[in-house]
Amino acid sequence: MNLVQEGLALGIPAPGPDAHQRPSAARIYRMWFGVEGAVPADQDLARKILNAFPREPAAAKINRGHHLLITEALAARGISQFLDLGCGYPLPRPQGGGDLLFAQNTHDVAQQHWRSAAVVYADIDHDVVACRRTLLDSAPTASRPTAVLADVTDTARLLARLEADGHLTRERPVAVLLHDVLPWIPDDARVQDAASHLRTWLPPGSALSITHATPDFSPTWVKRVQDVYDEEGIAFRPRDRQSISNLFGDWADLYGGPVRMVPTARHQTTHQFSAVPDYVSAAYAAVAVKHPTS
Ligand SMILES: C[S@@+](CC[C@H](N)C(=O)[O-])C[C@H]1O[C@@H](n2cnc3c(N)ncnc32)[C@H](O)[C@@H]1O
C-alpha cells in the first residue's frame, strides 16, 4: 500500500494537485531553521509572518530546543517508548558549520539512553511522513523508528493500530510529545477529546508533553500572526493557559504537584534561550505524568 492509500484507509485525504502551490505551515516551520526547499507560496507567507512577528524563527527554535531537552529528560527518567505526534519534517544537518543541535531527531536523543527505544513519528502531512521514512531507511533495523500517517484528532484509531502492530506496548510507560501541533487544530472539542483519549489509553508512568502557542504573553503579536495565517486560509488557534492546562486532566506535573504551565524557553533551565523574554516563546510548555490511580 502506498502512502496515499494508507492515508485514504485512515480517512486522511490525498494531497491535492496544488499542494506545492499553496503555503504549508509545516514547510514554513522548517524554513525557520534555514532549510531550503520552500516553494514561492511558503516564502511569501513566511515574509508576512516575519513582518507580523519578527521573533517567529526564535520561537520555533525555542520550541525545537525544548523538544530535544524534554525527550532527553523523559528518557533519563526511564521512559523507552516515544510517540512524536505531529512530528514535522526532519531537520537536516547544516552544511559547512551551523547549529547541529536542531538536526537531532527524537530517536537520536532517546536512543542515547535506550539503544532499542521504540520511537514512532506520526503526522497528518504525506510529505512529512515520506521524508521521515526516507531518513529512517538508513537507521539500524533493530532500533528503527516507525513513521506513520495519523490525524491527532483520531488518536483512538492511531493507538489501536500502533498497539496491534507491536510498535507500542501498554506494558511500559510511553511518552507522548505533542509539540506545536494542537494550535493547528482549531476545534477545541476535538483537541480535548484527543487529549482525553490519550490519557485514558496510556499506561501508568506515561508522560504527556505539550507545547502550545498562546496569546497570554503578547496578545498583539500573536493576533497579528493569527491574522496572517487566517488570510491564507490556514487555521491557527493559540490558546490560553486554562485551555491548555485542561488537556492534562488530573495528571501531576513531571516534577511533582499540579501541572506547571511555563513559557517554553523557561521550562527546562538548561534551554539555550532560557533568558529571552516570555513573549519570544509565545507558547507554554508543560509535562505531566500519569499516576497509577489516574
Ligand atoms: C510546527 S510543526 C511541529 C513539529 C514538531 N512537533 C516540533 O515541535 O518541532 C506542526 C506539525 O503538526 C502537523 N499536524 C497538523 N495538524 C495535525 C493533525 N491533525 N494530526 C497530525 N499532525 C498534524 C503538521 O503537519 C506539522 O508537521
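A few comments on the model shown:
Yes/no matrix, rows are residues, columns are (1) among the aliphatic types (A, V, I, L, M); (2) modelled with pLDDT of 95 or more; (3) away from the ligand (no atom under 15 Å from the Cβ); (4) touching a strand residue (DSSP E or B) at 6+ places or on another chain (Cβ under 9 Å):
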residue	(1), (2), (3), (4)
LEU100	yes, no, yes, no
LEU162	yes, yes, no, yes
HIS167	no, yes, yes, yes
ILE185	yes, yes, no, no
ASP193	no, yes, no, no
HIS197	no, yes, no, no
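- Restricting attention to the stretch 26-57, the residues that are under 23 Å from ALA265 (Cα atoms) and open to solvent by 20 Å² or more (accessible area, probe 1.4 Å) total 14.
- Among (1) at pLDDT 95 or above; (2) of a type in the set (S, T, N, Q); (3) in a loop (DSSP other than H, G, I, E, B), the one test that GLN95 misses: (1)
- Residues within the stretch 167-211 that are open to solvent by less than 10 Å² (accessible area, probe 1.4 Å), more than 14 Å from LEU83 (Cα to Cα) and over 17 Å from the mean Cα position of the chain (by Cα), tallied: 0
- Of all residues making up the stretch 235-265, the number that are more than 18 Å from the chain's Cα centre (by Cα) and closer than 16 Å to ASN63 by Cα: 0
- Filter result (open to solvent by less than 40 Å² (accessible area, probe 1.4 Å) and over 18 Å from the mean Cα position of the chain (by Cα)) within the stretch 112-135: ALA117
- Of all residues making up the stretch 31-53, the number that are at pLDDT 95 or above and not in a helix (DSSP H, G or I): 1
- Hey, THR214 surrounded by fewer than 15 Cβ atoms within 10 Å (Cβ to Cβ) and among the β-branched types (Val, Ile, Thr) or not: no
The values are calculated or read from the model by the stated rules, or taken from the named source; none is laboratory data. Nothing here was measured: the structure is a model prediction, and the numbers come from that model. So basically every Cβ, Gly included, is an ideal-geometry build from the backbone, and we count neighbours across all protein chains shown. We work out accessible area using only protein heavy atoms, side chains counted, and drop any ligands, DNA or RNA first. Shrake-Rupley method; radii C 1.70, N 1.55, O 1.52, S 1.80 Å.
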